[in-house]
1. Please name all residue pairs, on different chains or six or more residues apart, with Cβ atoms under 6 Å, provided the first residue is in the stretch 210-224 and is assigned by TED's automatic domain parsing to the domain that holds D48 and the second residue is acidic (D, E) and assigned to a helix (DSSP H, G or I).
2. Among the candidates N29, N5, N13, which residue alone is without any contact (Cβ under 8 Å) to a residue 24 or more places away in the chain and within 28 Å of L149 (Cβ to Cβ)?
3. Give the residue that is nearest to the chain's Cα centre (by Cα), with candidates limited to residues of the stretch 340-369 that are under 16 Å from L300 (Cβ atoms) and buried (at least 19 other Cβ atoms within 10 Å of the Cβ).
4. Could you check Y231 against (1) surrounded by 17 or more Cβ atoms within 10 Å (Cβ to Cβ); (2) assigned to a loop (DSSP other than H, G, I, E, B); (3) in contact with a helix residue (DSSP H, G or I) (Cβ under 6 Å, 6 or more places away or on another chain) and say which number it fails?
5. Among (1) in a loop (DSSP other than H, G, I, E, B); (2) out of contact with any Lys or Arg (no Cβ under 8 Å at 6 or more places or on another chain), which single condition is D56 missing?
6. Please pick out the residue among S285, S216, S242 that is more than 27 Å from I147 (Cα to Cα) and of a type in the set (S, T, Y).
7. Take the residues in the stretch 46-88 that are within 20 Å of D128 (Cβ to Cβ), in contact with a helix residue (DSSP H, G or I) (Cβ under 6 Å, 6 or more places away or on another chain) and hydrophobic (A, V, I, L, M, F, W, C), then tell me which one is surrounded by the most Cβ atoms within 10 Å (Cβ to Cβ).
8. Scan the stretch 221-251 for residues that are among the charged types (D, E, K, R) and touching a strand residue (DSSP E or B) at 6+ places or on another chain (Cβ under 9 Å) and jot them down.
Amino acid sequence: MAVINPFICTRPNRAAAHRVAALPYDVYNRKEAKQEILREPLSFLRIDRAETNFGDEVDTYDPKVYVKAKELLQEMIDQGTLEVDNEECYYVYELVMDGRSQTGLVACASVDDYLNNVIKKHENTREDKELDRIRHVDICNAQTGPIFLAYRSKEEINTVIDEAKKEEPLYYFDSPDGIGHHVWRISDREKISCLKNAFLKISKIYIADGHHRSASAVKVGLKRRNENPGYTGNERFNYFLSVLFPHDQLKILPYNRAVRDLNGLSKEQFLNRIKENFEVSEHGSTPCSPEEKASFGMILDGIWYRLKAKESIRNTQDPVESLDVSILQNHLLSPILGIGDPRVDKRIDFIGGIRGLGELERRTAADMRVAFSMFPTSITELFEVSDAGKLMPPKSTWFEPKLRSGLFIHSLS
């Protein structure tokens, strides 16, 4: 049973929403975040990346950075840029990209569901990245970035959400990157009850994107429980901000790879080693995008190749080993190029599919020697790995469009 609750939402006023809405904090480096805030001073990045309010001599994780984030959040509330709704509601959040729509329910998921594995994970988290968001959430006393959750589509949920979309929207705007953002509020008690009961019939919810944010939110919740030994379980800190999408509306883009060198091999030696486990055909100067599982594009010295994994290295029994990212890692990147642990190896870089194959050409002409275009992991594969209690290799999925921060804020008290 998945406990998915309505909540008291802090959110931008209607006129400011398009200016406040910001891409997730981890999409930008510090320099890029500063540039974005110069472009749009109301951007929620001022709070999510509060180090941008200081000179570069101040460390990103300096304690005063988090205090500044809290001050800025309260300032936006005091000025009326952010408003606090007066009742617990659900919200409907539709994103439109290139004519394709996906609609999620904005709500609060349960810390206990995360701990009890009702909410399934497919990635490891890094402690340093967790600590940053733990401090941010704890000091701000609010969750400012929603977790991207997915569930197997359910008709009774779809029906209520579709009805809500017929009403007057709270927000209706396009962000500078061309993504449409449309938001409706569900305040009707009967519809709220219907949605809550529908999720109670769902046994599994999946983290699609936001493993660090969810882990951090849960750890703040556990910290608050320790500080309040008489807690009842109903306190706001027992829940974390989420947007839940039906699986059949989601699209995963590939997460491509680029490697700095050939691990001491000549071009000919490298190609011969690849041919041991892959069928290799030259594709010329035309970018090669794989059209099926277990196939890859590769650009080397300005020439594109098509790689197809031989049957001998395909493992259809194990949900992790059968992933294309695993096939490439286990049979090419590790044994041939010496990329043992892609999480820490500085010779490899990961390039989101949103950047296109032109980015692979640019990088191999600049600072990388070889790059690989991937066939995207499917949402079904993500579910299968999570259901098996296993973890995907790093950088297996790239979801687009990205949820915006600042449109929905969940106060912890």
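The values are calculated or read from the model by the stated rules, or taken from the named source; none is laboratory data. Note that the coordinates shown come from a computational prediction; the quantities given were computed from them, not determined experimentally. For neighbour counting, all protein chains shown are included, and Cβ atoms are generated from backbone atoms with ideal geometry for every residue, glycine included.
1. If the second residue must be acidic (D, E) and assigned to a helix (DSSP H, G or I), the pairs left are H212/E130; A215/E130; S216/E130; V220/D138.
2. On the way: N5 fails: without any contact (Cβ under 8 Å) to a residue 24 or more places away in the chain; N13 fails: without any contact (Cβ under 8 Å) to a residue 24 or more places away in the chain.
Only one candidate passes the filter, namely N29.
3. I351
4. Failed condition: (1).
5. All conditions are met except number (2).
6. Details: S216 fails: more than 27 Å from I147 (Cα to Cα); S242 fails: more than 27 Å from I147 (Cα to Cα).
Among S285, S216, S242, only S285 is more than 27 Å from I147 (Cα to Cα) and of a type in the set (S, T, Y).
7. A50
8. Across the stretch 221-251, the qualifying residues are R236, K251.
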